[in-house]
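Have a look at the structure below before the remarks.
The values are calculated or read from the model by the stated rules, or taken from the named source; none is laboratory data. In this text the structure is predicted, and so the values were computed from the model without any measurement. So basically every Cβ, Gly included, is an ideal-geometry build from the backbone, and we count neighbours across all protein chains shown.
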Amino acid sequence: MGEVLSQSEIDSLLAALSTGELDAEEMQKKDERLVRNYDFARPAKFSKEHLRTLEIIYEHYGRLLSTNLPLYLRKNVQVSVASSETVVFSEFSNAMSNPVILGIVSFHPLQGQAIIEISPNLGYAMIDRMLGGKGDTIDKNREFSEIELALIEKIMIIAMQLMKDPWKNVIDIEPFLERIETNPQFTQIIAPNDMIAIITLNLKIGDVEGFMTICLPFATVEPVMDRLNTKFWYSTLKETSDEDFSVYVEDLVRRVDVPIKAVLGNSLITVSDFANLQIGDIIRLDTNVDEEVSIFVGNIKKFKALPGKSDDKNAVRVSAVLREEE
């Protein structure tokens, strides 16, 4: 029940209205309550705080992509977060072109699946680069061949492995690429009316630019929704020391393939003798049998070694390490 005014208060109020000190319309507006429309078909399950945390996660992921993809594509890669939003799954699937590159990813131990969409022009550029081209795309989209999908799958698996580190402050995940689809009709991983969060990354490979879109269903990330806030994310963020970074770089360098060759000796022969070589012919080298041979790592002479055999295979045993000054 509202407050009852006294007679003197009523007289003061009427006097104020008659003199214009108070406006009845303004007083009526103040009593009106603001009503916000709520769409029950599209419930707001992802807050702005959730989307902001997902942007932070995938900004970190973008930095990892821009660092690691050039190792495989031999091309400069730039990645940035373009946008984040929430829609129903049917809007996302209906907006996709055909053909398209769609990776169906499981986020173990989280239930359900996620989708990673890569623009076809980026896919063609990656394929062209991996096959020795300049990294150009094509003007008109076409279906991907089995060989091209195998190459794309290799890049997608690498991209999946890089997703572990950005998510570790929220949950330790083991992303696994289940399959690749090129037809959006075969990617109905959830109901059409279910809500999803979409994080769009802008990728630039050389001169080719396109989008990578990550689709995260609410049902998949629901168990960790309380951790998808910036306060929790920064509280669990561990500072990376220079020593840890050097170990990380060293680990990357150790995975690089380097050719190694053992040079038994050298010899000069004429082109005529070379053209007439037959099985059983002997070429005299400039080294003795018991003399050390040179081991080259790439084009750098790095070791001295003695030739021999190991399990019926030709082998060398390192006898000395050559320093730069030598």
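For the reader, a short list of remarks on this structure follows.
- Residues (hydroxyl-bearing (S, T, Y) and either surrounded by fewer than 17 Cβ atoms within 10 Å (Cβ to Cβ) or not assigned by TED's automatic domain parsing to the domain that holds P192 (or both)) located in the range 79-124: S80, S83, S90, S97
- The one condition in (1) small (G, A, S); (2) modelled with pLDDT of 85 or more; (3) closer than 23 Å to E85 by Cβ that S145 fails to fulfil: (3)
- Among residues of the range 135-160 that are in the same structural domain as I180 (by TED's automatic domain parsing), those with a beta-carbon under 6 Å from a residue that is part of a helix (DSSP H, G or I) and of a type in the set (V, I, T) at least six positions away or on a different chain give the pairs E148/I127; L151/I127.
- Comparison of L110, L51, L71 shows that the only residue that is assigned to a loop (DSSP other than H, G, I, E, B), among the hydrophobic types (A, V, I, L, M, F, W, C) and at pLDDT below 90 is L110.
- Odd one out for G265, checked against (1) at pLDDT below 75; (2) part of a loop (DSSP other than H, G, I, E, B): (1)
- Yes/no for I152 being among the hydrophobic types (A, V, I, L, M, F, W, C), in contact with a Pro (Cβ under 6 Å, 6 or more places away or on another chain) and either surrounded by 13 or more Cβ atoms within 10 Å (Cβ to Cβ) or at pLDDT below 90 (or both): no
- Residue, farthest from L228 (Cα to Cα), within the range 132-171, restricted to residues that are over 16 Å from the mean Cα position of the chain (by Cα) and acidic (D, E): D139
- Of the set (1) among the β-branched types (V, I, T); (2) touching a Leu at 6+ places or on another chain (Cβ under 7 Å); (3) farther than 22 Å from E209 by Cβ, all apply to I127 but (3).
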